[in-house]
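Enquirer: I have a structure I would like to understand better, so I am pasting it below and will then ask my questions one at a time.
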């Protein structure tokens, strides 16, 4: 399993989002047994006019549709930014096995930061978690996006 | 504003869900100025094969589509059960103004129970919250559903 390779695919989704003026967060969901990418998505809250259309939610939806299952027990998720509270819980509901995170998000994250959902008694499935994969590039993409927004 | 009237409409959605063998949670989103119901939804996780298809997420999506906005700043939500962590955060992202809750959910709730998301520093919009509206009927619907599941 080449974690950097898959995070680069998630980053590619993030770059597409930035071009579309969406907050640049990208996700891929991978079947680690076959190595195949099952779903990829980027943030589409503006495009869809839907505040819940985060990359993780869209990728889970796509993967479930593709595999015709509603639990992704054997699947891994690669996401460029620490999931927010909504998405951390969605990942738990989807039963994602391994969660690989790029950059951390002290302002909105809910895994290492914020409500740390997976440590809560109301969390009924905790994925294995690794963060810091291609973190500099993941962080730079976001910083560049928000810097351009301010100028 | 007749809160019980709107919670009864949310309950009606819950009863539809139960008939479809979905966990019976219902939601309505209301424009309190006009009194109009903007969106109604029930849990569809089984039907859609999507673990994120909770009533609140679907109702927010419908309301945003209908009003062609991605923030529901003037809108009220009535939900039969205390929102989970995913939905509590989605409600915050959607900027719902007033959140009326039927029954509380110690096992999965995230408003009064669990991570109490709206009290977190990573929550950037907190709705006004009232719970206990038609609570007995909301609770009875869920209890009856799970009792039937076990027998």
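Quick note: the coordinates plus some simple rules give every number you see, no bench work behind them. Just so it is clear, the structure is predicted and the values come from calculations on it, not from any experiment. Heads up, the Cβs are rebuilt from the backbone with ideal geometry, glycines too, and the neighbour counts pull from every protein chain shown.
Enquirer: In Å and from the alpha-carbon atoms only, list the Rg and Dmax of the stretch B:57-130.
Expert: Cα only, the stretch B:57-130: 11.6, 35 Å (Rg, Dmax).
Enquirer: Still on this structure, I have one more. Within 10 Å of each Cβ in peptide B:56-64, how many partner chain Cβ atoms are there on average? Round it to a whole number, please.
Expert: 3
Enquirer: Sticking with this structure for a sec: Taking the Cα atoms only, what angle lies between the long axis of helix B:55-67 and the longest principal axis of chain B, rounded to 10 degrees?
Expert: In chain B, helix B:55-67 runs at an angle near 40 degrees to the longest axis.
Enquirer: Let me see the pair-distance distribution of the protein assembly as shown: every alpha carbon pair, 20 Å bin width, integer percents in order.
Expert: 35, 57, 8, 0
Enquirer: Between the stretch A:20-92 and the stretch B:82-141, what is the separation of their alpha carbon centroids in Å?
Expert: Here the answer is 24 Å between Cα centres.
Enquirer: Also, quick follow-up: So which residue of A has the beta-carbon closest to the axis that swings A onto B, and how many whole Å away?
Expert: A:115, 2
Enquirer: Another one. May I ask you to compute the full-extension gain from residue B:19 to residue B:146, defined as 0.36 nm times their residue separation minus their alpha-carbon distance, rounded to one decimal in nm?
Expert: Here the answer is 44.5 nm.
Enquirer: Among A:79, A:27, A:115, which one shows the biggest mean-square fluctuation in a GNM of chain A, springs joining Cα atoms closer than 10 Å?
Expert: Result: A:115 has the largest fluctuation of those listed.
Enquirer: Kindly express, to the nearest 10 degrees and within the range 0 to 90, the angle between helix B:3-19's C-alpha long axis and the longest C-alpha principal axis of chain B.
Expert: 50 degrees
Enquirer: Inside 10 Å of the C-beta atoms of B:91-102, what's the mean count of C-beta atoms belonging to other chains?
Expert: Across the residues of B:91-102, the mean count of other-chain Cβ atoms within 10 Å is 2.
Enquirer: At what distance in nm do the modelled label points of residue B:33 and residue A:65 sit from each other, each positioned 7 Å from its Cα along Cα→Cβ?
Expert: Calculated label separation equals 3.4 nm.
Enquirer: Between residue B:48 and residue B:136, how many nm apart are label points set 7 Å from Cα along the C-beta direction?
Expert: 3.4 nm
Enquirer: What average count of beta carbons from other chains do you get within 10 Å of the Cβ of residues in A:114-122?
Expert: Taking the mean over all residues of the peptide, I get 6.
Enquirer: Quick one: if you take sqrt(5λ) for each eigenvalue of the C-alpha gyration tensor of chain B, what semi-axes come out, biggest first, whole angstrom?
Expert: Calculated on Cα positions only, the semi-axes equal 22, 17, 15 Å.
Enquirer: Against the longest alpha carbon principal axis of chain B, how many degrees, from 0 to 90 and to the nearest 10, is the axis of helix B:135-150 turned?
Expert: Compared with the principal axis, the helix lies near 40 degrees.
Enquirer: Where in the stretch A:110-142 does the label zone of residue B:121 land, with the point 7 angstrom along Cα→C-beta and an amide N cut-off under 19 Å?
Expert: Answer for the stretch A:110-142: A:110-120.
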